[in-house]
Amino acid sequence: MRNAFARELASLAAVDDRIVLLMGDIGNRLFDDFKCRFPDRFFNCGVAEANMMTVAAGMALCGLRPVVYTIVPFVTTRCLEQIRVDVCYHRAPVVIVGVGGGLSYASLGATHHACEDLALLRVLPGLKIVCPGDSAEVRLGLRCALAQEAPLYLRLGKKGEPAVHHEDPVFEIGRGIVLRAGTQITLLSTGNLLPTAVAVADRLEAEKLSVRLVSFHTVKPLDEALLQESFAGGSLVVTLEEHSVIGGLGGAVAEWLADQAPVPARLLRIGTPDHFFHETGGQSFARQRLGLDAESVTTRILDAYRTAATKDAKGR
């Protein structure tokens, strides 16, 4: 994802000289091409992320299109006040890019885990939140983000994520992408778990279940029309995210659902549990331990679906 982001940003900067890049000192060569082509529009702000966010807000209010980039915890929790007061309060069109969403940096410990960012940012007025599912969605999401006249948070994975889209889909902020049609279970995946969601859908279909698979890339604003449609039919709607079950996509959908009239389908939220992960290992290890691998997710969905189906049968 991050390579696709870097390439697309350089491509967009070539045709829009308002685009400037600010980054924390994360020590890789990802933006060498950008620095070489646009040296006056690249700013390494060092390990001073709060200051970096304030600088970006000032640039945006002067007519530039700043993109702020570093690892998720350092671009969100470390400078939450500046995002709230300097960026969102002024509706400054800053694109805040967090790399390493969820458990992408699992091997570096809890300081680099990012399972609370969506919950923290979702409550900030006027801030849109987009979590692309693969490199194609990263490219398209960045284009849409830079076209906004308001702040936006773009949450990336890291590297090596498999492509899900074989051609560019229609991408619109606030509109989910339906990858498969189905009638019994709706699976809403956000962010870098989209390849896992595809594997889960395959396993569920092998169990003779009809699955609607959606890349629900925008966590704020929600695609309410798609949610209405999803809960109106079938037995189960599942949210899948590499984020705490509290406050992320699952929390947002639960809040929305609480304000609706009674609906036929039930909601199952799948994400990371409400505790720190103290074990050491890579992302796949962490996912397995926390129940976010394809096998674990499939088992949870099957159990929930069978329970829902049983209750529905008794209700009739």
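Scan around Val164 for amide H atoms under 5 Å from its own, H built in the peptide plane at 1.01 Å from N, and keep only partners 5 or more places away or cross-chain.
When sequence neighbours closer than 5 places are left aside, the close amide H contacts are Ser135, Ala136.
Ranked highest first by average number of other Cβ atoms within 10 Å, how do 219-229, 271-281 line up?
219-229, 271-281
How large is ³J(HN,Hα) for each residue in the stretch 88-98, as worked out from phi by the Karplus curve 6.51 cos²θ - 1.76 cosθ + 1.60 (θ = phi - 60°), to whole Hz, x for Gly and Pro?
6, 4, 8, 6, 6, x, 9, 9, 9, 10, x
Kindly work out what percent of the DSSP beta bridges joining two residues of the stretch 1-121 are antiparallel, to the nearest 5.
5
With +1 on each Lys and Arg Cβ and -1 on each Asp and Glu Cβ, how big is the dipole of the stretch 175-316 about its Cα centre, in debye rounded to the nearest 20?
So the dipole magnitude of the stretch 175-316 works out to roughly 380 debye.
Size of the dipole of the chain about the Cα centre, Lys and Arg at +1 and Asp and Glu at -1 on the beta carbon, nothing else charged, in debye to 20?
Result for the chain is approximately 240 debye, rounded to the nearest 20.
Could you state the accessible area per residue of the chain in Å², with a 1.4 Å probe and every protein chain left in place?
42
Going by amide H atoms built from the backbone, whose H comes under 5 Å of the H on Leu268, apart from near neighbours?
So Leu268 has HN proximity to Val237, Val238, Thr239.
Using alpha carbon centroids, what distance separates the stretch 226-292 and the stretch 31-109, in Å?
Rounded to whole Å, the Cα centres lie 28 Å apart.
Quick one: angle between helix 294-315 and the longest Cα principal axis of the chain, in degrees between 0 and 90, rounded to 10, please.
50
In straight Cα distance, which lysines are under 17 Å from Lys220, not counting same-chain residues fewer than 8 positions off?
Answer for Lys220, where 17 Å is the Cα cut-off: Lys128, listed by chain and number.
What relative contact order, as a whole-number percentage, does the stretch 1-108 give when Cα pairs under 8 Å and 6 or more residues apart are counted?
26
Can you give me the % of accessible surface on the stretch 81-207 that is carbon or sulfur? Probe 1.4 Å, all protein chains present, nothing else counted.
With neighbouring chains kept in place, the figure for the stretch 81-207 is 49 percent.
Gain in length, Lys159 to Ala110, computed as 0.36 nm per residue apart minus the alpha-carbon separation, to one decimal in nm?
15.7 nm
Would you calculate the separation in nanometres between label points at Arg143 and Gln288, each defined as 7 Å from the Cα along the Cα-to-beta-carbon direction?
3.9
Show the residues, 5+ positions off or on another chain, whose built amide H is closer than 5 Å to the amide H of Gly102.
Distant-sequence amide H within range of Gly102: Ala114.
Give me the number: length gained by fully extending Cys62 to Thr280, i.e. 0.36 nm times residue separation minus the C-alpha to C-alpha distance, one decimal in nm.
Roughly 74.0 nm would be gained on extension.
Taking only Cα atoms and a 10 Å spring cutoff, compute GNM fluctuations for the chain and point out the largest among Arg91, Arg29, Arg18.
Between Arg91, Arg29, Arg18, it is Arg29 that shows the largest mean-square fluctuation.
Tell me the label-point distance for the pair Glu295, Glu229, using the 7 Å Cα-to-Cβ offset, in nm and rounded to one decimal.
3.5
The values are calculated or read from the model by the stated rules, or taken from the named source; none is laboratory data. All values reported here derive from a predicted model rather than from experimental measurement. For neighbour counting, all protein chains shown are included, and Cβ atoms are generated from backbone atoms with ideal geometry for every residue, glycine included. In case anyone asks, the SASA skips ligands and DNA or RNA and just uses the protein heavy atoms, side chains included. Shrake-Rupley method; radii C 1.70, N 1.55, O 1.52, S 1.80 Å.
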